[in-house]
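Colleague: I have a structure here, written as C-alpha cells, and I will follow up with some questions on it.
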Amino acid sequence: MLRKNRLFTPGPTPLLPAAQTAMASFTAHHRTADFRALFQRVLADMKEFIGTQNDVLVLACSGTGVMEAAVSNLTSPGDKVLVLTAGKFGERWTALAKAFGCKVEVLAAAYGETFSLDDIHLKLTPDVRAVFVQATESSTGARHDVQGIAKVVRTRGDDTLLVVDAITGLGTTYFDLDGWGVDVIIGGSQKALMIPPGLAYCAVSERAWQRMETTTSPRFYFDLRKERKSAAKGESAYTPATSLFAALGAALEFVRGMGQGDLAKGREVLVNNAELCAEMTRAGAQALGLKLFASSPAAALTAICSPNGIDSGKIVKEFRDSFDAVVANGQGEMKGQLFRIAHIGYYDYLDTIGILGALEHVLARSTGKAVEYGAAVRAAQEVYARLPHKRQLVGA
C-alpha cells in the first residue's frame, strides 16, 4: 500500500504549499529595499494575526529563544518571579528563570491539570516581578485560563508583568491580549502558521518595554530593545532567516484569504478549525473507549491515555510502521503513558477523519483486542454534522 508521510505532531506541523514555494524561490539580500518591504509587511500582518496594537518582533530562533529573551529582558538577578507549571514547558520556565538568577516561586499543578485562580492570587505577593505561564501546555494537551490569570495579575497594577508562552496557543485559541493586559506573548513559526521551525515572535506591551530600561540580566543577541530599534527601520538587528520570512509572508496571506481579505477574520477561521478538529478527535477517541488526559483540553492537540498495560511508545510506533503517520509520545513523567495527536495549522476535516480511521487499526494491532471499526470516524462525523456550515475549514 502506498504511504504518505504525515505529521500529526504539535510542531513541526504540516507545511503550507504556498509557503514552501515562497521559501524555495526567495533570494533577496536582507539589507535591500525588497527585503525591508517584506519585513515591514510581515511585522504589520503579525500584529493583526496576534490581535494586538503592541510592537511585534520576529527573531531567528526557536520559541525557547524568545522564552529566554523574555526572562533576560524583563528580570534582574535576585528578582522574585512566579512560574505556573503543569508540564514540561512550565518546567522550562522554571529552568530559564533560575539560569538568570531569579528567585523562583513555583505554583505547580499535576500533569494534565490546570491552576486555581485563588491559588495564583495567594502566590502573587507584591514582590513578584513577573508571572510566566503557558497558554497551552503541549506536553499534556491542557489549556490554561489566560484571561483569568491576567485578571489576577492585573490586580497588582503595573508592578507585575504577565508573560505567556502561546507557541501552540496562537492560531488555536482566542486571546484579547491588549484587553486582558498580557505583557508578552510568544509564538513559533512551526505551529499554526504552517511553516518550518526557525522563527519565533512576540508581542510586547509598553509596561514590558519600560521594565527593560531598568533590568540588569545579561543579553546580547536576545536584546529586544535592539530588535525594536532595528525593526523601526525595517530591519532586524542581525541576519534574519530571509527564506522563512518569505514563507511567513505567504502563510499570513493564506490566513487573510480564509478571512476573505481580512486577516483578523482569517485568524478566527483558523482558530475555529482547530477547535472543530479537536472536538472531533476527542469524540473519536472516547468512542473507542480511550480516556482523555487533560482536564481542560486544548484545541492545538489532544492527549490520549494509552490503554492499560500498553506502552504508548508502541502506539506511536504502530502509527509510523503502518501508516507513516507521526504522532507524539508523552513527555517527561508521562512518556509511555499517553500519545498526542495535534490538529494545528494546515490541518482539516479529512486529516482528522484519516487519523481517527488509522487509530482504530493501530488500537486493534497494539492491544490485540477487537475494535469496532468506524466507531471513531462516526463519532467525529456526528460532531461535524452538528456544527453550522459557516465554520470553514483550513483552505475552504
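Every number in this text was worked out from the coordinates using simple rules, so none of it is lab data. Quantities reported herein were computed from a predicted structural model and do not represent experimental measurements. Because the Cβ atoms are built from the backbone with ideal geometry, glycine has one as well, and the counts that use them run over all protein chains shown.
Colleague: Can you return the lysines within cross-link range of K103? Criterion is Cα-Cα under 22 Å, with same-chain partners fewer than 8 residues away left out.
Modeller: Filter leaves K80, K88, K123.
Colleague: Over the chain, what is the relative contact order in whole percent, taking alpha-carbon pairs under 8 Å and six or more residues apart? Please report the intermediate quantities before stating the final value.
Modeller: Numbers: 845 pairs, mean separation 88.2, N = 396.
Value for the chain: 22 percent.
Colleague: Once phi is turned into ³J(HN,Hα) by the Karplus curve 6.51 cos²θ - 1.76 cosθ + 1.60 with θ = phi - 60°, what whole-Hz value does each residue of the range 286-303 show in order, with x for glycine and proline?
Modeller: In residue order, the calculated couplings are 5, 5, 8, x, 8, 9, 7, 8, 7, 6, 10, x, 8, 8, 6, 7, 10, 9 Hz.
Colleague: Here is a further query. D176's amide H: which non-local residues (gap 5+, or another chain) put their own amide H closer than 5 Å, with H modeled 1.01 Å from N in plane and none for Pro or chain starts?
Modeller: none
Colleague: Which whole-number percent of Cα pairs in the range 186-322 have a distance greater than 22 Å? Let's see the in-between values first.
Modeller: Values: 5619 of 9316 pairs.
Tail fraction, whole percent: 60.
Colleague: Let me ask you something else. Taking the simple approach of a point 7 Å from Cα along Cα-to-Cβ for both T216 and Q260, what is their distance in nm?
Modeller: Reported label-point gap for T216 and Q260 is 5.7 nm.
Colleague: So how tilted is helix 349-367 from the main axis of the chain? Cα-based, degrees 0 to 90, rounded to 10.
Modeller: The answer is roughly 60 degrees.
Colleague: Ok, one more. How tilted is helix 312-323 with respect to the longest principal axis of the chain? Cα atoms for both, answer in degrees (0 to 90, nearest 10).
Modeller: Taking Cα atoms only, the helix is inclined about 70 degrees.
Colleague: Looking at the square roots a ≥ b ≥ c of the eigenvalues of the Cα gyration tensor of the range 57-123, which shape do they give, rounded for a/c under 1.5, prolate if a/b is larger than b/c, or oblate? It would help to have the intermediate numbers written out before the result.
Modeller: Details: a/c = 2.21, a/b = 1.39, b/c = 1.59.
In terms of gyration-tensor shape, oblate.
Colleague: Same structure, new question: Just from its helices, what would the mean residue ellipticity at 222 nm be for the chain, if runs of 4 or more DSSP H residues each count -39500 (n - 2.57) and the sum is divided by every residue, rounded to the nearest 500 deg cm²/dmol?
Modeller: Details: 14 runs with 171 residues, N = 396.
Mean residue ellipticity, 222 nm, calculated: -13500 deg cm²/dmol.
Colleague: Once amide H atoms are placed 1.01 Å from N in the peptide plane, what residues at a sequence separation of 5 or more from L161, or on another chain, have their amide H within under 5 Å of its amide H?
Modeller: Sorted by chain and number, the residues that satisfy this are A130, V131.
Colleague: Something else about it: Using each residue's phi in the range 8-21, evaluate 6.51 cos²θ - 1.76 cosθ + 1.60 at θ = phi - 60° and report the 3J(HN,Hα) Karplus result to the nearest Hz, with x for Gly and Pro.
Modeller: Taking θ as phi minus 60°, the curve returns 10, 9, x, x, x, 10, x, 8, 6, x, 4, 5, 4, 5 Hz for the range 8-21.
Colleague: Sorted from largest down, give the three principal axis spans of the alpha carbons of the chain, whole angstrom values.
Modeller: In descending order, the Cα extents are 64, 51, 36 Å.
Colleague: Give the long-range amide H neighbours of K103: residues separated by 5 or more places, or on another chain, with amide H under 5 Å away, using H modelled in the peptide plane at 1.01 Å from N.
Modeller: G78, D79, K80, V81
Colleague: How many percent of DSSP beta bridges within the range 1-146 run antiparallel, rounded to 5?
Modeller: Working: 2 of 12 bridges.
Of those bridges, close to 15 percent are antiparallel.
Colleague: Then there is this: What pairs from K47/K98; K4/K317; K47/K226; K4/K369; K226/K265 go past 25 Å between their alpha carbons? The partial results should precede the final answer.
Modeller: Values: K47/K98 31 Å; K4/K317 16 Å; K47/K226 19 Å; K4/K369 27 Å; K226/K265 32 Å.
Long pairs (Cα-Cα over 25 Å): K47/K98; K4/K369; K226/K265.
Colleague: Can you give the direction-averaged projected area of the convex hull of the alpha-carbon atoms in the range 194-255, in nm²? Write out the running numbers ahead of the final one.
Modeller: Values: hull surface 21.3 nm².
Averaged projected hull area, Cα only: 5.3 nm².
Colleague: While we're looking at this one, here's another question. Mind running the shape call on the range 16-131? Use the C-alpha gyration tensor, a ≥ b ≥ c as the square roots of the eigenvalues: rounded below 1.5 for a/c, prolate if a/b tops b/c, oblate otherwise. Walk me through the numbers on the way to the answer.
Modeller: Working: a/c = 2.54, a/b = 2.15, b/c = 1.18.
It comes out prolate by the Cα gyration axes.
Colleague: On to the next question. Once phi is turned into ³J(HN,Hα) by the Karplus curve 6.51 cos²θ - 1.76 cosθ + 1.60 with θ = phi - 60°, what whole-Hz value does each residue of the range 217-223 show in order, with x for glycine and proline?
Modeller: 5, x, 7, 9, 4, 9, 7
Colleague: For the range 114-192, take N as its residue count and report Rg(C-alpha) divided by 2.2 N^0.38 Å. Kindly include the intermediate steps, with their values, before the conclusion.
Modeller: Details: Rg = 12.3 Å, N = 79, 2.2 N^0.38 = 11.6 Å.
In units of the 2.2 N^0.38 Å rule of thumb, it is 1.07.
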